[in-house]
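The values are calculated or read from the model by the stated rules, or taken from the named source; none is laboratory data. Keep in mind the model is a prediction, meaning the values are calculated, not measured. No Cβ is skipped: glycine too gets one built from the backbone with ideal geometry, and neighbour counts run over all protein chains shown.
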Amino acid sequence: MMKKSYQAPRGMRDVLPENMPAWQRLEGTARHLARLFGFSEVRPPLMEETTLFTRAVGEVTDIVEKEMFTLQKGKTSLSLRPEGTAGVVRAYVQAGYAKRDPLQRMYYCGPMFRYERPQKGRERMFTQFGVECIGSSDPRLDAEVMDLAARFFEELGLTGLEVRMNSMGDGEDRDRYRAAVTDFLRPKLGEFCELCQSRFERNVLRVLDCKNPACGELSMGAPVLIDYLGEENRAHFEAVQSSLRDLGREPCVDTGIVRGLDYYTRTVFEIHAPAIGARSALCGGGRYDHLVRDLGGPDVPAVGFAIGFSGTLILLEQLGLLEGLEREAPEVYVIGFSAEQKSEVLKVAGDLRRGGISAIYDVDGRSFKAQMQAAGKGTHKYAVILGDDEVERGVVQLKDLGAKSQIEVPRDQLVEAIRSAL
Ligand code: HAM
(Lines give C-alpha, C1' and ligand atoms only; values in the text may rest on other atoms or scores of the structure.)
Protein backbone atom coordinates (compact mmCIF):
# COMPACT_ATOMS: atom_id res chain seq x y z
CA MET A 1 0.00 0.00 0.00
CA MET A 2 1.28 3.48 -0.86
CA LYS A 3 2.30 5.45 2.17
CA LYS A 4 0.37 8.67 2.41
CA SER A 5 1.91 11.71 4.02
CA TYR A 6 -0.47 14.12 5.65
CA GLN A 7 -0.45 17.89 5.62
CA ALA A 8 -2.46 20.32 7.72
CA PRO A 9 -5.62 21.33 5.81
CA ARG A 10 -5.11 24.16 3.32
CA GLY A 11 -5.21 27.56 4.98
CA MET A 12 -4.68 26.06 8.45
CA ARG A 13 -1.35 25.74 10.16
CA ASP A 14 0.43 24.30 13.10
CA VAL A 15 1.62 26.64 15.77
CA LEU A 16 4.78 24.75 16.69
CA PRO A 17 6.57 25.05 20.03
CA GLU A 18 9.13 27.39 18.43
CA ASN A 19 6.32 29.71 17.28
CA MET A 20 4.76 29.72 20.73
CA PRO A 21 6.69 32.58 22.36
CA ALA A 22 5.33 35.01 19.75
CA TRP A 23 1.78 33.70 20.16
CA GLN A 24 2.04 33.86 23.93
CA ARG A 25 3.23 37.43 23.67
CA LEU A 26 0.07 38.32 21.70
CA GLU A 27 -2.22 36.38 24.01
CA GLY A 28 -0.51 37.76 27.10
CA THR A 29 -0.86 41.32 25.83
CA ALA A 30 -4.53 40.71 25.00
CA ARG A 31 -5.32 39.28 28.44
CA HIS A 32 -3.36 41.96 30.26
CA LEU A 33 -5.12 44.81 28.44
CA ALA A 34 -8.55 43.19 28.66
CA ARG A 35 -8.14 42.99 32.43
CA LEU A 36 -6.89 46.58 32.56
CA PHE A 37 -10.09 47.74 30.84
CA GLY A 38 -12.35 45.59 33.02
CA PHE A 39 -13.20 42.81 30.55
CA SER A 40 -13.73 39.19 31.66
CA GLU A 41 -13.02 36.18 29.50
CA VAL A 42 -15.87 34.26 27.85
CA ARG A 43 -15.55 30.95 25.99
CA PRO A 44 -18.56 30.04 23.88
CA PRO A 45 -18.44 26.82 21.81
CA LEU A 46 -16.52 26.81 18.52
CA MET A 47 -19.71 25.75 16.73
CA GLU A 48 -23.17 27.22 16.74
CA GLU A 49 -26.38 26.59 14.86
CA THR A 50 -25.79 27.78 11.31
CA THR A 51 -28.79 30.09 11.39
CA LEU A 52 -27.23 32.05 14.27
CA PHE A 53 -24.52 33.28 11.90
CA THR A 54 -26.89 33.76 8.98
CA ARG A 55 -29.04 35.90 11.21
CA ALA A 56 -26.24 37.87 12.87
CA VAL A 57 -23.68 38.37 10.12
CA GLY A 58 -26.30 38.63 7.39
CA GLU A 59 -27.51 36.41 4.59
CA VAL A 60 -25.99 38.55 1.84
CA THR A 61 -22.39 38.68 3.06
CA ASP A 62 -19.21 36.97 1.89
CA ILE A 63 -19.00 35.10 5.19
CA VAL A 64 -22.44 33.53 4.97
CA GLU A 65 -22.61 33.14 1.19
CA LYS A 66 -19.18 31.59 0.67
CA GLU A 67 -17.10 31.08 3.76
CA MET A 68 -18.82 28.96 6.39
CA PHE A 69 -17.65 25.48 7.34
CA THR A 70 -20.98 23.78 7.85
CA LEU A 71 -21.70 20.34 9.18
CA GLN A 72 -25.05 18.61 8.83
CA LYS A 73 -25.75 16.08 11.58
CA GLY A 74 -29.22 14.61 11.26
CA LYS A 75 -31.57 17.54 11.21
CA THR A 76 -29.10 19.92 12.84
CA SER A 77 -26.92 22.22 10.81
CA LEU A 78 -23.91 23.46 12.77
CA SER A 79 -21.18 25.81 11.57
CA LEU A 80 -17.70 26.51 12.86
CA ARG A 81 -17.74 30.08 14.07
CA PRO A 82 -16.53 32.50 11.36
CA GLU A 83 -16.38 35.28 13.96
CA GLY A 84 -16.94 35.68 17.69
CA THR A 85 -19.64 38.31 18.15
CA ALA A 86 -22.66 36.14 17.27
CA GLY A 87 -21.71 33.42 19.78
CA VAL A 88 -20.98 35.90 22.57
CA VAL A 89 -24.31 37.65 22.04
CA ARG A 90 -26.10 34.29 21.98
CA ALA A 91 -24.38 33.41 25.27
CA TYR A 92 -25.36 36.80 26.75
CA VAL A 93 -29.01 36.19 25.88
CA GLN A 94 -28.97 32.55 27.01
CA ALA A 95 -27.36 33.42 30.36
CA GLY A 96 -30.11 35.97 30.98
CA TYR A 97 -27.68 38.83 31.70
CA ALA A 98 -30.06 41.48 30.41
CA LYS A 99 -32.25 40.95 33.48
CA ARG A 100 -29.71 40.29 36.20
CA ASP A 101 -26.56 42.18 35.21
CA PRO A 102 -27.05 43.98 31.89
CA LEU A 103 -23.66 45.59 31.39
CA GLN A 104 -21.20 42.86 30.45
CA ARG A 105 -17.65 43.45 29.23
CA MET A 106 -16.44 40.20 27.75
CA TYR A 107 -13.38 39.18 25.75
CA TYR A 108 -12.21 36.09 23.91
CA CYS A 109 -9.09 34.85 22.27
CA GLY A 110 -9.42 31.86 20.00
CA PRO A 111 -9.77 30.27 16.58
CA MET A 112 -12.29 31.34 13.93
CA PHE A 113 -12.95 29.57 10.62
CA ARG A 114 -13.65 31.03 7.20
CA TYR A 115 -13.42 29.20 3.89
CA GLU A 116 -11.45 31.97 2.18
CA ARG A 117 -8.79 31.76 -0.50
CA PRO A 118 -5.65 31.49 1.62
CA GLN A 119 -3.19 34.31 1.06
CA LYS A 120 -0.80 36.43 3.06
CA GLY A 121 -2.50 37.17 6.37
CA ARG A 122 -5.73 35.37 5.34
CA GLU A 123 -6.27 31.86 6.58
CA ARG A 124 -9.11 29.39 6.91
CA MET A 125 -8.44 28.93 10.59
CA PHE A 126 -7.21 32.09 12.27
CA THR A 127 -7.11 33.52 15.75
CA GLN A 128 -8.91 36.61 16.93
CA PHE A 129 -8.70 38.60 20.13
CA GLY A 130 -12.10 40.22 20.48
CA VAL A 131 -13.97 42.26 23.04
CA GLU A 132 -17.70 42.81 23.31
CA CYS A 133 -19.16 45.41 25.63
CA ILE A 134 -22.87 44.68 25.82
CA GLY A 135 -25.48 46.77 27.65
CA SER A 136 -24.86 50.46 26.98
CA SER A 137 -24.85 52.96 24.14
CA ASP A 138 -22.60 55.44 25.95
CA PRO A 139 -20.27 56.87 23.27
CA ARG A 140 -17.38 56.74 25.73
CA LEU A 141 -17.47 52.96 25.34
CA ASP A 142 -17.04 53.23 21.55
CA ALA A 143 -13.94 55.36 22.15
CA GLU A 144 -12.75 53.06 24.90
CA VAL A 145 -12.78 49.92 22.79
CA MET A 146 -11.00 51.79 19.98
CA ASP A 147 -8.41 52.89 22.51
CA LEU A 148 -8.03 49.32 23.77
CA ALA A 149 -7.53 47.99 20.23
CA ALA A 150 -4.91 50.65 19.47
CA ARG A 151 -3.18 49.99 22.79
CA PHE A 152 -2.85 46.31 21.86
CA PHE A 153 -0.68 47.18 18.86
CA GLU A 154 1.23 49.87 20.70
CA GLU A 155 2.12 47.49 23.54
CA LEU A 156 3.58 45.14 20.94
CA GLY A 157 5.79 47.94 19.65
CA LEU A 158 3.87 48.72 16.46
CA THR A 159 3.66 52.32 15.40
CA GLY A 160 2.33 54.10 12.34
CA LEU A 161 -0.97 52.23 12.37
CA GLU A 162 -4.10 54.05 11.26
CA VAL A 163 -7.24 53.90 13.40
CA ARG A 164 -10.01 54.93 11.03
CA MET A 165 -13.62 55.41 12.01
CA ASN A 166 -16.94 56.08 10.38
CA SER A 167 -20.62 55.99 11.22
CA MET A 168 -23.04 53.58 9.56
CA GLY A 169 -26.01 55.43 11.03
CA ASP A 170 -29.11 53.59 12.07
CA GLY A 171 -32.84 53.43 11.34
CA GLU A 172 -34.00 56.25 9.13
CA ASP A 173 -30.50 57.53 8.29
CA ARG A 174 -29.72 54.14 6.94
CA ASP A 175 -32.93 53.94 4.89
CA ARG A 176 -32.25 57.34 3.31
CA TYR A 177 -28.67 56.36 2.63
CA ARG A 178 -29.67 53.04 1.10
CA ALA A 179 -32.00 54.86 -1.25
CA ALA A 180 -29.21 57.27 -2.25
CA VAL A 181 -26.77 54.41 -2.92
CA THR A 182 -29.40 52.61 -4.97
CA ASP A 183 -29.93 55.74 -7.10
CA PHE A 184 -26.18 56.16 -7.50
CA LEU A 185 -25.51 52.56 -8.58
CA ARG A 186 -28.55 51.87 -10.75
CA PRO A 187 -27.41 53.67 -13.95
CA LYS A 188 -24.14 51.70 -14.13
CA LEU A 189 -25.33 48.44 -12.61
CA GLY A 190 -24.66 46.54 -15.87
CA GLU A 191 -20.92 47.21 -15.49
CA PHE A 192 -20.67 45.57 -12.04
CA CYS A 193 -19.82 41.89 -11.50
CA GLU A 194 -22.63 39.33 -11.33
CA LEU A 195 -22.44 39.03 -7.57
CA CYS A 196 -22.82 42.80 -7.18
CA GLN A 197 -25.80 42.76 -9.50
CA SER A 198 -27.56 40.18 -7.39
CA ARG A 199 -26.53 41.94 -4.18
CA PHE A 200 -27.92 45.18 -5.53
CA GLU A 201 -31.37 43.65 -5.25
CA ARG A 202 -30.84 41.87 -1.96
CA ASN A 203 -28.57 44.13 0.12
CA VAL A 204 -27.38 47.15 -1.80
CA LEU A 205 -24.76 48.27 0.75
CA ARG A 206 -22.81 45.05 0.22
CA VAL A 207 -22.05 46.21 -3.35
CA LEU A 208 -19.80 48.82 -1.76
CA ASP A 209 -17.46 46.27 -0.19
CA CYS A 210 -17.04 44.02 -3.23
CA LYS A 211 -13.43 42.80 -3.38
CA ASN A 212 -13.34 43.03 -7.19
CA PRO A 213 -11.15 46.07 -8.03
CA ALA A 214 -13.25 46.99 -11.08
CA CYS A 215 -16.37 47.19 -8.90
CA GLY A 216 -14.42 49.19 -6.34
CA GLU A 217 -13.61 51.75 -9.01
CA LEU A 218 -17.23 51.94 -10.19
CA SER A 219 -18.32 52.58 -6.60
CA MET A 220 -16.00 55.53 -6.23
CA GLY A 221 -17.88 58.70 -5.54
CA ALA A 222 -20.82 56.80 -4.01
CA PRO A 223 -22.76 58.75 -1.38
CA VAL A 224 -21.25 58.55 2.11
CA LEU A 225 -23.35 57.75 5.12
CA ILE A 226 -22.26 60.57 7.35
CA ASP A 227 -23.98 63.02 4.97
CA TYR A 228 -27.27 61.30 5.85
CA LEU A 229 -26.91 61.09 9.62
CA GLY A 230 -29.86 62.30 11.66
CA GLU A 231 -29.37 64.57 14.63
CA GLU A 232 -29.09 61.89 17.30
CA ASN A 233 -26.65 59.70 15.43
CA ARG A 234 -24.55 62.69 14.38
CA ALA A 235 -24.32 63.73 18.04
CA HIS A 236 -23.24 60.20 18.95
CA PHE A 237 -20.58 60.23 16.22
CA GLU A 238 -19.26 63.54 17.50
CA ALA A 239 -19.32 62.38 21.13
CA VAL A 240 -17.24 59.33 20.19
CA GLN A 241 -14.67 61.61 18.59
CA SER A 242 -14.55 63.90 21.58
CA SER A 243 -14.15 60.90 23.93
CA LEU A 244 -11.28 59.71 21.79
CA ARG A 245 -9.64 63.08 22.28
CA ASP A 246 -10.22 62.73 26.04
CA LEU A 247 -8.20 59.54 25.79
CA GLY A 248 -5.42 61.36 23.97
CA ARG A 249 -6.17 60.13 20.45
CA GLU A 250 -6.92 62.25 17.43
CA PRO A 251 -9.88 60.71 15.55
CA CYS A 252 -9.41 59.91 11.87
CA VAL A 253 -12.71 59.77 9.98
CA ASP A 254 -12.71 57.58 6.86
CA THR A 255 -16.07 57.67 5.12
CA GLY A 256 -15.05 54.68 3.00
CA ILE A 257 -15.32 52.17 5.85
CA VAL A 258 -18.44 50.06 5.39
CA ARG A 259 -17.47 46.72 7.07
CA GLY A 260 -18.50 43.37 5.64
CA LEU A 261 -20.93 42.25 8.34
CA ASP A 262 -24.55 43.35 8.53
CA TYR A 263 -24.98 43.89 12.26
CA TYR A 264 -23.22 47.23 12.56
CA THR A 265 -25.02 50.43 13.51
CA ARG A 266 -23.49 53.87 14.12
CA THR A 267 -19.77 53.66 14.98
CA VAL A 268 -17.55 51.40 12.87
CA PHE A 269 -13.78 51.37 12.85
CA GLU A 270 -10.77 49.57 11.46
CA ILE A 271 -7.08 49.58 12.23
CA HIS A 272 -4.86 49.43 9.19
CA ALA A 273 -1.19 48.77 8.66
CA PRO A 274 -0.31 50.42 5.36
CA ALA A 275 2.90 48.34 5.39
CA ILE A 276 1.06 45.08 4.65
CA GLY A 277 -0.99 46.10 1.68
CA ALA A 278 -4.46 47.05 0.69
CA ARG A 279 -6.43 44.37 2.54
CA SER A 280 -4.51 45.34 5.58
CA ALA A 281 -7.12 45.61 8.32
CA LEU A 282 -5.59 44.18 11.48
CA CYS A 283 -8.72 44.96 13.45
CA GLY A 284 -12.36 45.63 12.73
CA GLY A 285 -15.15 46.60 15.03
CA GLY A 286 -18.02 48.83 15.87
CA ARG A 287 -21.39 49.20 17.47
CA TYR A 288 -24.19 46.68 16.97
CA ASP A 289 -27.18 48.06 18.81
CA HIS A 290 -29.83 45.65 17.50
CA LEU A 291 -28.03 42.32 17.47
CA VAL A 292 -29.07 41.25 20.97
CA ARG A 293 -32.69 41.89 20.03
CA ASP A 294 -32.29 40.21 16.61
CA LEU A 295 -30.96 37.10 18.34
CA GLY A 296 -33.95 36.80 20.62
CA GLY A 297 -32.93 39.02 23.53
CA PRO A 298 -34.20 42.40 24.69
CA ASP A 299 -33.23 45.66 23.01
CA VAL A 300 -29.69 46.07 24.37
CA PRO A 301 -26.99 48.07 22.58
CA ALA A 302 -23.38 46.88 22.27
CA VAL A 303 -19.95 47.67 20.86
CA GLY A 304 -16.81 45.62 20.24
CA PHE A 305 -13.95 44.67 17.95
CA ALA A 306 -11.79 41.77 16.87
CA ILE A 307 -8.10 41.77 16.07
CA GLY A 308 -6.62 39.09 13.78
CA PHE A 309 -3.38 37.50 14.95
CA SER A 310 -2.17 36.41 11.48
CA GLY A 311 -1.74 39.93 10.11
CA THR A 312 -0.34 41.16 13.41
CA LEU A 313 2.32 38.43 13.43
CA ILE A 314 3.33 39.15 9.84
CA LEU A 315 3.81 42.79 10.69
CA LEU A 316 5.74 42.07 13.89
CA GLU A 317 8.00 39.71 11.96
CA GLN A 318 8.55 42.25 9.15
CA LEU A 319 9.60 44.86 11.65
CA GLY A 320 11.91 42.51 13.55
CA LEU A 321 9.81 42.84 16.70
CA LEU A 322 9.81 39.09 17.36
CA GLU A 323 13.58 38.79 17.62
CA GLY A 324 14.95 37.49 20.89
CA LEU A 325 11.69 35.73 21.74
CA GLU A 326 12.83 32.20 22.48
CA ARG A 327 11.24 29.00 23.56
CA GLU A 328 11.79 28.66 27.30
CA ALA A 329 14.01 25.70 28.20
CA PRO A 330 13.64 23.85 31.52
CA GLU A 331 15.81 25.52 34.16
CA VAL A 332 17.87 22.45 34.96
CA TYR A 333 19.51 19.69 32.94
CA VAL A 334 20.34 16.73 35.18
CA ILE A 335 23.45 14.79 34.19
CA GLY A 336 24.65 11.37 35.35
CA PHE A 337 28.38 10.71 35.09
CA SER A 338 27.67 7.21 33.78
CA ALA A 339 24.75 4.84 33.16
CA GLU A 340 25.06 3.74 36.81
CA GLN A 341 23.29 6.92 37.95
CA LYS A 342 20.18 6.49 35.74
CA SER A 343 17.85 5.97 38.64
CA GLU A 344 19.47 8.70 40.81
CA VAL A 345 19.15 11.16 37.90
CA LEU A 346 15.44 10.41 37.70
CA LYS A 347 15.09 10.88 41.47
CA VAL A 348 16.84 14.26 41.37
CA ALA A 349 14.66 15.40 38.44
CA GLY A 350 11.60 14.29 40.43
CA ASP A 351 12.74 16.20 43.55
CA LEU A 352 13.36 19.35 41.49
CA ARG A 353 9.95 19.20 39.84
CA ARG A 354 8.24 18.63 43.16
CA GLY A 355 10.12 21.71 44.40
CA GLY A 356 8.69 23.76 41.47
CA ILE A 357 11.86 23.78 39.37
CA SER A 358 11.63 22.55 35.78
CA ALA A 359 14.11 19.83 34.85
CA ILE A 360 14.95 17.35 32.09
CA TYR A 361 17.68 14.74 31.63
CA ASP A 362 19.23 12.65 28.90
CA VAL A 363 17.27 9.63 27.70
CA ASP A 364 19.57 8.64 24.82
CA GLY A 365 22.32 7.02 26.91
CA ARG A 366 24.76 9.74 25.87
CA SER A 367 28.27 10.01 27.31
CA PHE A 368 29.00 12.48 30.10
CA LYS A 369 30.68 14.82 27.61
CA ALA A 370 27.75 14.65 25.20
CA GLN A 371 25.33 15.36 28.07
CA MET A 372 27.37 18.39 29.09
CA GLN A 373 27.26 19.62 25.49
CA ALA A 374 23.50 19.09 25.32
CA ALA A 375 23.05 21.01 28.58
CA GLY A 376 25.20 23.87 27.30
CA LYS A 377 23.42 24.07 23.93
CA GLY A 378 19.97 24.73 25.32
CA THR A 379 19.06 27.76 27.31
CA HIS A 380 19.06 25.89 30.60
CA LYS A 381 20.31 27.88 33.55
CA TYR A 382 21.87 25.02 35.50
CA ALA A 383 23.34 21.57 35.11
CA VAL A 384 23.10 19.26 38.13
CA ILE A 385 25.81 16.61 37.92
CA LEU A 386 25.92 13.29 39.75
CA GLY A 387 28.67 10.67 39.83
CA ASP A 388 29.08 7.62 42.07
CA ASP A 389 31.00 9.67 44.58
CA GLU A 390 28.25 12.32 44.80
CA VAL A 391 25.56 9.65 45.20
CA GLU A 392 27.52 8.06 48.01
CA ARG A 393 28.04 11.34 49.83
CA GLY A 394 24.45 12.60 49.26
CA VAL A 395 25.55 15.69 47.29
CA VAL A 396 25.40 17.00 43.70
CA GLN A 397 27.52 19.39 41.67
CA LEU A 398 25.47 22.45 40.73
CA LYS A 399 26.85 24.18 37.66
CA ASP A 400 25.69 27.65 36.67
CA LEU A 401 25.76 27.36 32.87
CA GLY A 402 25.82 31.12 32.32
CA ALA A 403 28.50 32.05 34.86
CA LYS A 404 30.30 28.72 34.31
CA SER A 405 30.80 28.42 38.09
CA GLN A 406 30.26 25.19 40.01
CA ILE A 407 29.51 24.43 43.65
CA GLU A 408 28.80 21.30 45.62
CA VAL A 409 25.38 21.20 47.30
CA PRO A 410 23.82 18.61 49.64
CA ARG A 411 20.98 16.87 47.81
CA ASP A 412 18.38 17.84 50.35
CA GLN A 413 19.32 21.51 49.93
CA LEU A 414 19.38 21.54 46.11
CA VAL A 415 15.89 22.99 45.57
CA GLU A 416 16.61 25.73 48.09
CA ALA A 417 20.00 26.54 46.54
CA ILE A 418 18.51 26.88 43.05
CA ARG A 419 15.44 28.79 44.26
CA SER A 420 17.54 31.40 46.02
CA ALA A 421 19.71 31.84 42.92
CA LEU A 422 16.95 31.91 40.27
P1 HAM B 1 -13.87 41.15 10.84
O2 HAM B 1 -13.51 42.48 10.27
O3 HAM B 1 -14.55 40.18 9.96
O4 HAM B 1 -14.76 41.47 12.12
O5 HAM B 1 -12.58 40.48 11.44
C6 HAM B 1 -11.75 41.16 12.35
C7 HAM B 1 -10.30 40.90 12.02
O8 HAM B 1 -10.04 39.50 11.97
C9 HAM B 1 -9.86 41.41 10.65
O10 HAM B 1 -9.54 42.78 10.71
C11 HAM B 1 -8.64 40.55 10.36
O12 HAM B 1 -7.50 41.06 11.03
C13 HAM B 1 -9.01 39.23 11.04
N14 HAM B 1 -9.45 38.25 10.04
C15 HAM B 1 -10.66 38.15 9.46
N16 HAM B 1 -10.68 37.13 8.56
C17 HAM B 1 -9.44 36.57 8.60
C18 HAM B 1 -8.81 35.47 7.93
N19 HAM B 1 -9.47 34.73 7.05
N20 HAM B 1 -7.51 35.20 8.21
C21 HAM B 1 -6.84 35.94 9.11
N22 HAM B 1 -7.37 36.97 9.79
C23 HAM B 1 -8.65 37.30 9.53
C24 HAM B 1 -15.27 40.51 12.95
O25 HAM B 1 -14.95 39.36 12.95
C26 HAM B 1 -16.22 41.09 13.99
N27 HAM B 1 -16.76 39.96 14.79
C28 HAM B 1 -15.50 42.10 14.87
C29 HAM B 1 -16.38 42.67 15.94
C30 HAM B 1 -16.44 42.29 17.23
N31 HAM B 1 -17.23 43.65 15.78
C32 HAM B 1 -17.84 43.90 16.92
N33 HAM B 1 -17.37 43.06 17.81
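Among the residues making up the stretch 53-79, those that are within 13 Å of the ligand (Cβ to nearest atom) and either acidic (Asp, Glu) or in contact with a helix residue (DSSP H, G or I) (Cβ under 8 Å, 6 or more places away or on another chain) (or both) are Phe53, Ala56, Val57, Gly58, Thr61, Asp62, Ile63, Val64, Glu67, Met68.
Quick check on my filter: what residues within the stretch 163-194 are at negative phi and small (Gly, Ala, Ser)? Passing the criteria: Ser167, Ala179, Ala180, Gly190.
In the set Leu282, Leu229, only one residue is within 14 Å of the ligand (Cβ to nearest atom) and surrounded by 21 or more Cβ atoms within 10 Å (Cβ to Cβ); that residue is Leu282. The set of residues in the stretch 99-126 being under 16 Å from Val303 (Cβ atoms) and either surrounded by fewer than 22 Cβ atoms within 10 Å (Cβ to Cβ) or near the ligand (Cβ under 9 Å from one of its atoms) (or both) consists of Pro102, Leu103, Gln104, Arg105. Within the stretch 307-336, residues that are among the hydroxyl-bearing types (Ser, Thr, Tyr) reach partners that are more than 15 Å from the ligand (Cβ to nearest atom) and in a loop (DSSP other than H, G, I, E, B) with beta carbons closer than 6 Å, at six or more positions or on different chains, in the pairs Tyr333/His380.
Could you tell me which of the residues Pro139, Pro82 is away from the ligand (no atom under 13 Å from the Cβ), buried (at least 21 other Cβ atoms within 10 Å of the Cβ) and at pLDDT 95 or above? Break it down stepwise before answering.
On the way: Pro82 fails: away from the ligand (no atom under 13 Å from the Cβ).
When all the criteria are applied, what remains is Pro139.
Taking Ser367 as the residue in question, decide whether it is over 23 Å from Glu328 (Cα atoms), assigned by TED's automatic domain parsing to the domain that holds Ser343 and hydroxyl-bearing (Ser, Thr, Tyr). Give the derivation first.
Details: over 23 Å from Glu328 (Cα atoms): yes; assigned by TED's automatic domain parsing to the domain that holds Ser343: yes; hydroxyl-bearing (Ser, Thr, Tyr): yes.
Yes.
Against the criterion of being in a strand (DSSP E or B), within 15 Å of the ligand (Cβ to nearest atom) and touching a His at 6+ places or on another chain (Cβ under 9 Å), Val131 does not qualify.
Counting only helices (runs of 4 or more DSSP H) that sit completely within the stretch 1-118, those holding 1 or more residues that are closer than 27 Å to Gly260 by Cα correspond to 20-36, 50-57, 62-66, 85-94. Against the criterion of being among the small types (Gly, Ala, Ser), outside the structural domain of Leu205 (by TED's automatic domain parsing), surrounded by fewer than 17 Cβ atoms within 10 Å (Cβ to Cβ) and in contact (Cβ under 8 Å) with a residue 60 or more places away in the chain, Gly160 qualifies. Scan the stretch 306-351 for residues that are surrounded by fewer than 16 Cβ atoms within 10 Å (Cβ to Cβ), among the hydrophobic types (A, V, I, L, M, F, W, C) and modelled with pLDDT of 95 or more and the total you get is 1. You will find that of Gly376, Gly402, the residue that is of a type outside the set (A, V, I, L, M), surrounded by fewer than 18 Cβ atoms within 10 Å (Cβ to Cβ) and part of a loop (DSSP other than H, G, I, E, B) is Gly402 and no other. Per the conditions (1) of a type in the set (D, E, K, R); (2) at pLDDT below 95; (3) away from the ligand (no atom under 16 Å from the Cβ), the sole criterion not satisfied by Arg206 is (3).
Kindly establish whether Glu123 is touching a residue at least 60 places away in the same chain (Cβ under 8 Å) and either in contact with a helix residue (DSSP H, G or I) (Cβ under 6 Å, 6 or more places away or on another chain) or not assigned by TED's automatic domain parsing to the domain that holds Arg31 (or both).
Working: touching a residue at least 60 places away in the same chain (Cβ under 8 Å): yes; either in contact with a helix residue (DSSP H, G or I) (Cβ under 6 Å, 6 or more places away or on another chain) or not assigned by TED's automatic domain parsing to the domain that holds Arg31 (or both): yes.
Answer is yes for this residue.
Among residues of the stretch 61-85 that are in contact (Cβ under 8 Å) with a residue 60 or more places away in the chain, those with a Cβ under 6 angstrom from a residue that is more than 9 Å from the ligand (Cβ to nearest atom) and in a strand (DSSP E or B), sequence gap 6+ or separate chain, pair up as Gly84/Tyr108. Among the residues of the stretch 391-415, those identified as farther than 15 Å from Tyr333 by Cβ and in contact (Cβ under 8 Å) with a residue 12 or more places away in the chain are Val391, Gly394, Val395, Glu408, Val409, Pro410, Arg411, Asp412, Val415.
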